[in-house]
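The values are calculated or read from the model by the stated rules, or taken from the named source; none is laboratory data. Since the structure is predicted, the reported quantities are computational estimates derived from the model, not experimental observations. Don't worry about glycine lacking a Cβ; one is built from the backbone with ideal geometry, like all the others, and counts go over all protein chains shown. Surface areas here come from the heavy atoms of the whole protein model, side chains and all, with no ligands, DNA or RNA. Shrake-Rupley method; radii C 1.70, N 1.55, O 1.52, S 1.80 Å.
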Amino acid sequence: MDMGRFQAMVDRLERESAASPGTYRLKVALLALLGFGILALLLGAIGLGLVLLLGVAAAIAFSGGAALLLLFKLGKLLIFLAWPLWLLVRSAVRALFVRLPAPQGREITRTEAPALFDALDRMRRQMKGPRFHRVLVVDEVNAAVVQRPAFGLVGWPRNHLLLGLPLLEALSPDEALAVVAHEYGHLAGAHGRFSAFIYRLRLTWGTVQAFTDQVQGWLGRGVAPLVRWYAPYFNAYTFVLARADEYQADAASAELVGRAHAASALKRVNLVGPAHAAFLQTTLAAVDREPAPPPDLLQRWSRVALLPPAEADGQRWLRDALDRAGRCDDTHPTLRARLQALALPEDSLNTPPPALAGPSAAQAWLGALLPTLRGELESAWARQIQAPWAERFQQAEQARLRLAELNGRPLDGPAEEIERLRLVLRLEPDTDLREALADFNARHAEHALGLYLEASVRLDHGDRAGLALLERVMALDPEATKPACERAHAYLRGDGHADNDTAAEAWAERWRQRDAMERERAAQIDQVDPKSPLVAASLDADTLARLRALVQQAPGQRW
């Protein structure tokens with residue numbers, strides 16, 4: 001089921017649920033029973049294969065070799081009849097031993113972080129939920145609870161708590177506990193037994209889908225299509241309940257830590273994400289100047305994370321988050337709706353959370369273990385990025401040599417002129433090239449790339465004249481439509497003026513229309529038979545001249 005059909009179904013089901021909640025919950029219950037039937041079929045197929053395998057083994061063992069003699073006498077006929085059975089047995093045995101990967105991270109114990117486990121124990125006692133089997137620290141701006149069956153597809157579920165260290169560095173202990181309590185509230189049944197059951201069943205079907213994707217042979221071909229047919233309908237029907245459950249999980253979180261801390265956590269999480277992204281962007285920008293990645297990435301972030309963002313950035317990020325809808329498969333309501341459900345005053349929704357007054361959750365919960373965790377995650381990040389970092393730095397060294405060469409002699413035409421300007425933009429980002437690019441475009445008015453570079457530089461300096469230049473770029477080269485729209489949209493969404501939202505959405509719509517056209521074009525090209533005869537195009541001389549000019553201009557023009 002494509003995303004458009006899924007969203008349309010969810011919208012219809014939300015209206016149906018609002019009109020008759022009891023009837024809707026009954027439909028969800030019946031759909032869940034159908035799912036159990038499919039699970040029974042899957043497990044029954046695996047079980048049948050194992051029973052047959054054990055039966056053959058027992059027959060051979062207790063017949064004194066007579067069964068083997070019979071197999072030999074029947075020969076090819078029996079082999080022909082038994083071959084499908086053997087494929088089923090083989091698929092069943094393989095399926096039994098399929099193991100879905102457990103969440104990865106640095107596991108920590110109660111001995112290493114007693115303060116963290118004491119906080120989790122208090123949460124568990126108050127919310128009356130299951131225990132965590134593993135607590136993992138990961139290098140992400142996130143916190144999550146993941147369930148995995150103990151034995152492949154079946155078995156007692158094991159609960160994994162994932163705590164992103166960059167997130168803990170930016171939250172207070174109460175805010176971090178609010179985030180964890182929200183996720184834990186789903187497992188603990190904060191929204192009622194039936195809803196908790198449906199929540200766990202949604203996790204189960206995610207596991208089943210991953211499981212059937214790995215099962216090969218006849219069993220996989222027989223069961224996987226049934227699972228793929230059922231899962232989207234189950235997800236859509238339970239999506240409506242799951243979205244309502246998010247409010248209950250927020251309420252359980254507020255009951256644990258207080259409404260103020262819960263609301264502050266919701267806001268701060270939506271500020272930490274873009275702040276961390278900006279921090280990483282600044283860090284990675286040094287790749288052209290530094291031969292190796294920084295060895296102390298998380299230590300640097302820990303200092304940045306404690307500081308409130310610049311006022312303009314904080315207001316913009318919060319404004320963007322308030323009404324930003326998630327993906328169509330994301331059950332979380334908008335931030336505005338969640339804050340309103342916590343009875344936060346309307347005039348306080350746009351107010352960023354206060355600066356942290358005490359230690360971060362990372363400092364309070366992890367204590368003496370924190371430097372060790374930072375060092376381990378920093379080392380893993382540096383090892384992962386070392387090779388591409390070194391390659392990019394080497395490219396920058398070659399670019400510096402090329403720029404020195406171009407600076408040391410007269411330039412040969414517009415191609416070398418624009419190449420030099422692009423190298424300066426990359427290697428000397430503090431240089432203001434507005435006048436140089438304007439001069440180039442005055443002499444080469446039809447040069448789309450030159451106009452695009454000038455537009456980008458002007459927008460970087462807050463000059464709205466760059467938007468008009470982007471319009472000229474798209475008129476000259478329609479293939480530049482998507483990057484031009486992306487650049488305009490980023491500028492309008494980032495200049496801090498709420499009245500630009502409409503204009504930004506107009507650029508986004510133009511991007512979507514162009515993207516749809518390009519995907520349709522690609523689909524049509526894929527359908528072209530390479531064996532078909534080539535026929536000369538019946539184009540007039542002016543059109544052919546324009547095409548030749550575009551082809552000649554294309555090399556070196558990368559958007």
Only unsatisfied item for Ala506, checking (1) modelled with pLDDT of 85 or more; (2) open to solvent by 60 Å² or more (accessible area, probe 1.4 Å); (3) not aromatic (Phe, Trp, Tyr), is (2)
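With respect to Leu550, determine if the residue is open to solvent by 70 Å² or more (accessible area, probe 1.4 Å), at pLDDT below 75 and within 24 Å of Leu476 (Cα to Cα). It would help to see each step written out before you state the result.
Numbers: open to solvent by 70 Å² or more (accessible area, probe 1.4 Å): yes; at pLDDT below 75: yes; within 24 Å of Leu476 (Cα to Cα): yes.
Yes; evaluated as a whole, the condition is true for this residue.
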Give all pairs with beta carbons closer than 7 Å in which a residue from the stretch 113-131 that is over 13 Å from His186 (Cα atoms) meets a residue that is open to solvent by 30 Å² or more (accessible area, probe 1.4 Å) and not in a helix (DSSP H, G or I); count only pairs at least 6 apart in sequence or on separate chains.
Phe117/Arg110; Leu120/Phe132
Within the stretch 117-133, can you find the residues that are open to solvent by less than 60 Å² (accessible area, probe 1.4 Å) and in contact with a Lys or Arg (Cβ under 7 Å, 6 or more places away or on another chain)?
Phe117, His133
Conditions (1) open to solvent by 40 Å² or more (accessible area, probe 1.4 Å); (2) within 19 Å of the chain's Cα centre (by Cα); (3) of a type in the set (A, V, I, L, M): number failed by Leu335:
(1)
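Just one of Ala278, Ala285, Ala260 is assigned to a helix (DSSP H, G or I), open to solvent by 70 Å² or more (accessible area, probe 1.4 Å) and not charged (D, E, K, R); which is it?
Numbers: Ala278 fails: open to solvent by 70 Å² or more (accessible area, probe 1.4 Å); Ala285 fails: open to solvent by 70 Å² or more (accessible area, probe 1.4 Å).
The conditions single out Ala260.
Is it true that Asp477 is modelled with pLDDT under 95, under 24 Å from Pro291 (Cβ atoms) and among the acidic types (Asp, Glu)? Explain how you work it out, then say what you get.
On the way: modelled with pLDDT under 95: yes; under 24 Å from Pro291 (Cβ atoms): no; among the acidic types (Asp, Glu): yes.
Against the criterion (modelled with pLDDT under 95, under 24 Å from Pro291 (Cβ atoms) and among the acidic types (Asp, Glu)), Asp477 does not qualify.
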Report, ordered by the first and then the second residue, all pairs with beta carbons closer than 8 Å, sequence separation of six or more or different chains, a first member in the stretch 494-506 that is farther than 13 Å from Leu467 by Cα, and a second member that is at pLDDT below 85 and among the hydroxyl-bearing types (Ser, Thr, Tyr).
none
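Okay, residues lined up against (1) modelled with pLDDT of 95 or more; (2) open to solvent by 40 Å² or more (accessible area, probe 1.4 Å); (3) under 30 Å from Val137 (Cα atoms):
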{"residue": "Pro371", "(1), (2), (3)": "yes, yes, yes"}
{"residue": "Gly375", "(1), (2), (3)": "yes, no, yes"}
{"residue": "Phe393", "(1), (2), (3)": "yes, no, no"}
{"residue": "Leu401", "(1), (2), (3)": "yes, yes, no"}
{"residue": "Gly413", "(1), (2), (3)": "no, no, no"}
{"residue": "Pro429", "(1), (2), (3)": "no, yes, no"}
Name the residue that is farthest from Leu492 (Cα to Cα), counting only residues in the stretch 440-463 that are assigned to a helix (DSSP H, G or I) and open to solvent by 80 Å² or more (accessible area, probe 1.4 Å).
Arg443
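Okay, residues lined up against (1) over 24 Å from Cys485 (Cα atoms); (2) touching a helix residue (DSSP H, G or I) at 6+ places or on another chain (Cβ under 6 Å):
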| position | (1), (2) |
| --- | --- |
| Ala399 | yes, yes |
| Asn407 | yes, no |
| Asp412 | yes, no |
| Leu423 | no, yes |
| Arg443 | yes, no |
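For the stretch 297-324, which positions are out of contact with any Ser or Thr (no Cβ under 6 Å at 6 or more places or on another chain), of a type in the set (D, E, K, R) and open to solvent by 40 Å² or more (accessible area, probe 1.4 Å)? Spell out the reasoning first.
Residues of the stretch 297-324 out of contact with any Ser or Thr (no Cβ under 6 Å at 6 or more places or on another chain): 297-322, 324.
Now restrict to residues that are of a type in the set (D, E, K, R): 300, 303, 311, 313, 316, 319-320, 324.
Result: Arg300, Arg303, Glu311, Asp313, Arg316, Arg319, Arg324.
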Six or more apart or on different chains, Cβ under 7 Å: which pairs go from a residue in the stretch 351-373 that's more than 25 Å from Glu311 (Cα to Cα) and touching a residue at least 60 places away in the same chain (Cβ under 8 Å) to one that's in a loop (DSSP other than H, G, I, E, B) and hydrophobic (A, V, I, L, M, F, W, C)? Could you list them?
Trp365/Ala113; Leu366/Ala113; Gly367/Ala113; Leu369/Ile108; Leu369/Ala113
